[in-house]
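**Q** Got a structure for you, written out below as structure tokens; questions coming shortly.
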Amino acid sequence: MTTGLLAVIDMQRVFAEPDSPWAAPRYAEAAAGVRRLLPAFAERVTFTRFVAPAEPSGAWRAYYARWPFALQPPHAPLWRLTDDFADRAPHIMDATTFGKWTPELAARVCPEGRVVLAGVSTDCCVLSTALAAADAGVETLVVSDACAGADDDSHARALDVMAAYGPLIRVVTVDQLIGT
């Protein structure tokens, strides 16, 4: 069994549905990688959800002025985990920020000091979470083929940026992490 906590970042309908302005084109491929990872972590899995705040403040006001469709409550359909994960999420954590390295997630990681990241989008929420976890001194692994970016180039650039933080952050594949 693999050690650490698997944090599955934002595998939500808003990033999966092709007609969404925030669709990750390779969402299905990332989801396949996540499905392969889940058995190796059993109950040591946290799914995160990006949700809009009730009232945006600071720079988030301009962000939601650009993306007004997203100003919906946490129970809105666009924020739901996709059907392939809705019943497989032992623990769900919501955040109104890109980065999911919150005190709640840190507390779940603390016993082992290792977090394994998968999900979307590589170049936004995964990257933000990885950098914060590494800054906190947590061994951070990013599973490249269980992530998807806004596009292929953004995904590759984000992986390169995170790999540059080695050995605090390591970019691995599903096979490297759990074997075949």
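**Q** Residues that are free of Cβ contacts under 8 Å to residues at least 60 places away in the same chain and β-branched (V, I, T): does the range 72-91 have at least one?
**A** No; the residues of the range 72-91 include none that is free of Cβ contacts under 8 Å to residues at least 60 places away in the same chain and β-branched (V, I, T).
**Q** Here is a follow-up. Of the residues P77, P90, P68, which single one is open to solvent by 30 Å² or more (accessible area, probe 1.4 Å), of a type outside the set (A, V, I, L, M, F, W, C) and closer than 21 Å to V174 by Cα?
**A** Numbers: P77 fails: closer than 21 Å to V174 by Cα; P68 fails: closer than 21 Å to V174 by Cα.
Exactly one residue qualifies, and that residue is P90.
**Q** Would you pick out the residues in the range 152-169 that are more than 22 Å from R36 (Cα to Cα) and not hydrophobic (A, V, I, L, M, F, W, C)?
**A** D153, S154, R157, D160, Y165, G166, P167
**Q** Could you list all residues from the range 11-37 that are open to solvent by less than 10 Å² (accessible area, probe 1.4 Å) and of a type outside the set (A, V, I, L, M)?
**A** Passing the criteria: Q12, G33.
**Q** Follow-up question, since we're still on this one. Which of the residues spanning the range 89-119 are among the charged types (D, E, K, R) and in contact with a helix residue (DSSP H, G or I) (Cβ under 9 Å, 6 or more places away or on another chain)?
**A** Hits for the range 89-119 are D94, K100.
**Q** Looking for whichever is more than 12 Å from the chain's Cα centre (by Cα) and surrounded by 20 or more Cβ atoms within 10 Å (Cβ to Cβ) here; the options are A52, A42. Which one fits? Before the answer, list the steps.
**A** On the way: A42 fails: surrounded by 20 or more Cβ atoms within 10 Å (Cβ to Cβ).
It is A52.
**Q** Answer yes or no as to whether V8 is over 11 Å from the mean Cα position of the chain (by Cα), among the β-branched types (V, I, T) and surrounded by 18 or more Cβ atoms within 10 Å (Cβ to Cβ).
**A** Answer is no for this residue.
The values are calculated or read from the model by the stated rules, or taken from the named source; none is laboratory data. Only a predicted model underlies this, so the values are computations on that prediction, with no experimental measurement involved. Virtual Cβ from ideal backbone geometry, glycine too; neighbours counted across all protein chains shown. Areas reflect the complete protein model, heavy atoms only, side chains present, ligands, DNA and RNA absent. Shrake-Rupley method; radii C 1.70, N 1.55, O 1.52, S 1.80 Å.
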